[in-house]
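Presented below is the structure to which this report refers.
The values are calculated or read from the model by the stated rules, or taken from the named source; none is laboratory data. From a predicted model like this one, the values you see are computed outputs, not experimental measurements. No Cβ is skipped: glycine too gets one built from the backbone with ideal geometry, and neighbour counts run over all protein chains shown. We work out accessible area using only protein heavy atoms, side chains counted, and drop any ligands, DNA or RNA first. Shrake-Rupley method; radii C 1.70, N 1.55, O 1.52, S 1.80 Å.
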Amino acid sequence: MIENRKVRVRFAPSPTGPLHIGGVRTALYNYLFAKRNNGTFILRIEDTDQNRFVPGAQEYIIEALKWAGINYDEGPDIGGPFSPYLQSERKELYKQFADKLIAEGKAYYAFDTPEELDSLRDRLKAAGATSQQYDSSTRGLMKNSLTLSDEEVKNRLNAGEQFVIRIKIPENEEIVVNDLIRGRVEVQSSLLDDKVLFKSDGMPTYHLANIVDDHLMEISHVIRGEEWLPSAPLHVLLYRFFDWEAPQFAHLPLLLKPDGNGKLSKRDGDRLGFPVFPLQWKDPKTGEISSGYRESGYFPDSFINMIALLGWNPGTEQEILSLDELVSLFSMERVGKSGSKFDPEKAKWFNHKYLVEKPDAELAVLFKKVLEKKGIFAEEDFVLKVVNLVKERANFVEDFWAQSSFFFEAPAEYDQQVVKKRWKEGVPEMMGEIKNLLQGIPVFSAEVIKADIVKFTEEKNISLGVVMNALRLVLVGGGFGPDLALIAEMLGKEEVIRRIDAGIKNIA
Ligand code: GLU
């Protein structure tokens, strides 16, 4: 039925806080599906629930999608043929649809106060009813336009009494949701409650606004998180009530905790030390800061690659996939049914893979910023060389510092374990000789340095390792780092001599 429809999909977050990585994945799959099918990807902000509105959340969502490179074709900040894309700006539109359902007997006004609703629940519970919901079995006990006279309903409405409009769910009907991932899902209508569609504050609820907009915006496929699967039968029913063609549904499996079962939550991130949000977020109420992938040094392309594989696979072993490759390979058939465990170590692995593939010049620009924050202003060429030497050992640009600080600062202290192992009796004297040797080298290049040291050890009949390890200790402060002769060349003769002197003087 949908095959001939132009593919139009939407990501429809509610601005109730920062976007969770599960939300980013939903947006990404929508994007990939749209691009794969030459379709259109839309961002629609569902902000009808004013109680849950969080300032800054909408801006956050937009910024996060931009950072991740999930570009939409229509949206609140860029407009489009179905503007506006902010539900609060479409407010006037929804009432007529609720009214239409009332006129056709498919919805009704309800005037029950919160206390009356509570008391219904209590009475049903006391009577041993298995369900305490507002539905076909209980609506007859309540204050609504099905039980009150027309006259009374009119009076209440005219008097400005608070009301809601509820859908009238039919009794004993089978509702079928054909889900592209889950297959056929059947639900008995008697299990559904008469959900509120519209409130007297003039705002539609999520359910009404969502399907009205999906219809008006000509959405062909609804791709969203599994938590919305229980709402799908209601949505299918609403499409039927309006006599609209329903979109195809695809409910994506949950993202699970790295350890154990259950939905991945912000608390798991806090507990295990990884971000669950794409960008850093500052809670406007509490001021609490939650870390973000961007601020933690992840590259957007690596982040996207990692997210794409949480619940979908390309059918091959290939794990490193660019956005273009993802677009060309994406299909709903390869989205799994079961939840996928989030693996923060794998996220780092992806970043490492992307980092080593980045041009040194690009990394050098980023590393220069890290250095400048530390008050170090080094030559571009020098930084470039350093980056090339250490990038294999880093997951993030920030890691370069731990691997290479000795290129920019003489060691302030020495790793005591290495001292114990490498700075034995006679070593300071030997380093004195090495100093003289190096001082005499006219062209201070790695090759010459290395050759001269080898010659020295052969003449003295001492092991090359003993010399190199001690020299490494004075130059870098420990037992790590890239090729030592290269380090010496890059530091330059004067600095090398200075560090040997300092080592002889300071290493106890
Ligand atoms: N506004 C809903 C949300 O916050 C959208 C669900 C849907 O895609 O239908 O996730």
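Could you check the stretch 405-444 and list, in sequence order, the residues that are of a type in the set (Gly, Ala, Ser) and outside any helix (DSSP H, G or I)?
ALA410, ALA412, GLY426, GLY440
Name the residue that is nearest to the ligand (Cβ to nearest atom), counting only residues in the stretch 31-46 that are charged (D, E, K, R) and surrounded by fewer than 23 Cβ atoms within 10 Å (Cβ to Cβ).
Step by step, filter the stretch 31-46, then rank; the result is GLU46.
Kindly provide the set of residues from the stretch 161-195 that are part of a loop (DSSP other than H, G, I, E, B) and without any contact (Cβ under 8 Å) to a residue 24 or more places away in the chain, ordered by number.
Listed by number, the residues that qualify are ASN172, GLU173.
Just the residues that are in contact with a helix residue (DSSP H, G or I) (Cβ under 8 Å, 6 or more places away or on another chain), surrounded by fewer than 19 Cβ atoms within 10 Å (Cβ to Cβ) and closer than 15 Å to PHE299 by Cβ, please, taken from the stretch 58-72.
If the condition is that a residue be in contact with a helix residue (DSSP H, G or I) (Cβ under 8 Å, 6 or more places away or on another chain), surrounded by fewer than 19 Cβ atoms within 10 Å (Cβ to Cβ) and closer than 15 Å to PHE299 by Cβ, then TRP67, GLY69 are the ones that fit.
Only one of ILE211, ILE219 is modelled with pLDDT of 95 or more and near the ligand (Cβ under 9 Å from one of its atoms). Can you tell me which?
ILE211
Before we move on, is ARG10 open to solvent by 50 Å² or more (accessible area, probe 1.4 Å), within 13 Å of the ligand (Cβ to nearest atom) and at negative phi?
For ARG10, the condition - open to solvent by 50 Å² or more (accessible area, probe 1.4 Å), within 13 Å of the ligand (Cβ to nearest atom) and at negative phi - is not met.
Residue by residue, here is whether (1) open to solvent by less than 70 Å² (accessible area, probe 1.4 Å); (2) farther than 20 Å from LEU238 by Cα holds:
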site: ARG90; (1), (2): yes, no
site: LYS95; (1), (2): yes, no
site: ALA98; (1), (2): yes, no
site: GLU104; (1), (2): no, no
site: ALA126; (1), (2): no, yes
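Here is a list: HIS235, HIS215, HIS207. Which entry is in contact with a Ser or Thr (Cβ under 8 Å, 6 or more places away or on another chain), part of a helix (DSSP H, G or I) and either open to solvent by 10 Å² or more (accessible area, probe 1.4 Å) or within 30 Å of GLY80 (Cβ to Cβ) (or both)?
Unique residue meeting the criteria: HIS207.
Do you know which of the residues in the stretch 480-508 that are among the acidic types (Asp, Glu) and over 21 Å from GLN417 (Cα atoms) is nearest to the chain's Cα centre (by Cα)?
Per the stated criteria, the residue is GLU489.
Looking at the stretch 471-492, can you tell me whether even one residue there is farther than 22 Å from TRP401 by Cα and not acidic (Asp, Glu)?
No, the stretch 471-492 contains no residue that is farther than 22 Å from TRP401 by Cα and not acidic (Asp, Glu).
Spot the failing condition for ASP49; the list is (1) under 19 Å from the mean Cα position of the chain (by Cα); (2) surrounded by fewer than 24 Cβ atoms within 10 Å (Cβ to Cβ), and only one is missed.
It is condition (1) that ASP49 fails.
Any residue in the stretch 73-80 that is within 12 Å of the ligand (Cβ to nearest atom), out of contact with any Cys (no Cβ under 9 Å at 6 or more places or on another chain) and either at pLDDT 95 or above or not β-branched (Val, Ile, Thr) (or both)?
Looking for residues that are within 12 Å of the ligand (Cβ to nearest atom), out of contact with any Cys (no Cβ under 9 Å at 6 or more places or on another chain) and either at pLDDT 95 or above or not β-branched (Val, Ile, Thr) (or both), one finds none in the stretch 73-80, hence no.
Consider only pairs whose beta carbons are under 9 Å apart and that are at least six residues apart or on different chains; among these, list those whose first residue lies in the stretch 42-54 and is touching a residue at least 40 places away in the same chain (Cβ under 8 Å) and whose second residue is among the β-branched types (Val, Ile, Thr) and within 9 Å of the ligand (Cβ to nearest atom).
Taking only residues 6 or more apart or on different chains, the pairs are ASP47/THR16; ASP49/THR16; VAL54/THR16.
Please work out which residue is nearest to the ligand (Cβ to nearest atom), limiting yourself to the stretch 222-231 and to residues that are buried (at least 22 other Cβ atoms within 10 Å of the Cβ) and hydrophobic (A, V, I, L, M, F, W, C).
VAL222
Consider GLY260 carefully, then state whether it is at pLDDT below 95 and assigned to a loop (DSSP other than H, G, I, E, B).
yes
Which one of VAL448, VAL467 is assigned to a helix (DSSP H, G or I) and open to solvent by less than 20 Å² (accessible area, probe 1.4 Å)?
Just a single option satisfies the conditions, and that option is VAL467.
For (1) more than 39 Å from the chain's Cα centre (by Cα); (2) over 14 Å from LEU197 (Cβ atoms); (3) of a type in the set (D, E, K, R), each residue gets a yes or a no:
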position	(1), (2), (3)
PHE82	no, yes, no
GLN96	no, no, no
ALA103	yes, no, no
PRO114	no, yes, no
GLY128	yes, yes, no
GLN132	no, yes, no
THR138	yes, yes, no
LYS143	yes, yes, yes
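Identify, from the list ASP135, ASP122, the residue that is of a type outside the set (S, T, N, Q) and either touching a residue at least 60 places away in the same chain (Cβ under 8 Å) or over 18 Å from SER190 (Cβ atoms) (or both).
When all the criteria are applied, what remains is ASP122.
Of all residues in the stretch 245-271, how many are more than 30 Å from VAL7 (Cβ to Cβ) and either surrounded by fewer than 13 Cβ atoms within 10 Å (Cβ to Cβ) or of a type in the set (Val, Ile, Thr) (or both)?
Residues flagged as more than 30 Å from VAL7 (Cβ to Cβ) and either surrounded by fewer than 13 Cβ atoms within 10 Å (Cβ to Cβ) or of a type in the set (Val, Ile, Thr) (or both) within the stretch 245-271 amount to 6.
What residue, among those in the stretch 186-204 that are out of contact with any strand residue (DSSP E or B) (no Cβ under 8 Å at 6 or more places or on another chain) and surrounded by 14 or more Cβ atoms within 10 Å (Cβ to Cβ), is nearest to SER14 (Cα to Cα)?
Result: MET203.
Restricting to the stretch 272-299, name every residue that is loosely packed, with under 13 Cβ neighbours inside 10 Å and small (Gly, Ala, Ser).
GLY273, GLY287
Which fully enclosed helices (runs of 4 or more DSSP H) of the stretch 25-134 have 3 or more residues being of a type in the set (A, V, I, L, M) and in contact with a Gly (Cβ under 9 Å, 6 or more places away or on another chain)?
Filter on the stretch 25-134 gives 57-68.
Is it the case that GLY481 is at positive phi and either surrounded by 20 or more Cβ atoms within 10 Å (Cβ to Cβ) or not in a helix (DSSP H, G or I) (or both)?
Yes, satisfied.
Does GLU174 fit the bill of being open to solvent by 60 Å² or more (accessible area, probe 1.4 Å) and either hydrophobic (A, V, I, L, M, F, W, C) or closer than 23 Å to PRO247 by Cα (or both)?
Considered against the rule, which asks whether it is open to solvent by 60 Å² or more (accessible area, probe 1.4 Å) and either hydrophobic (A, V, I, L, M, F, W, C) or closer than 23 Å to PRO247 by Cα (or both), GLU174 comes out as yes.
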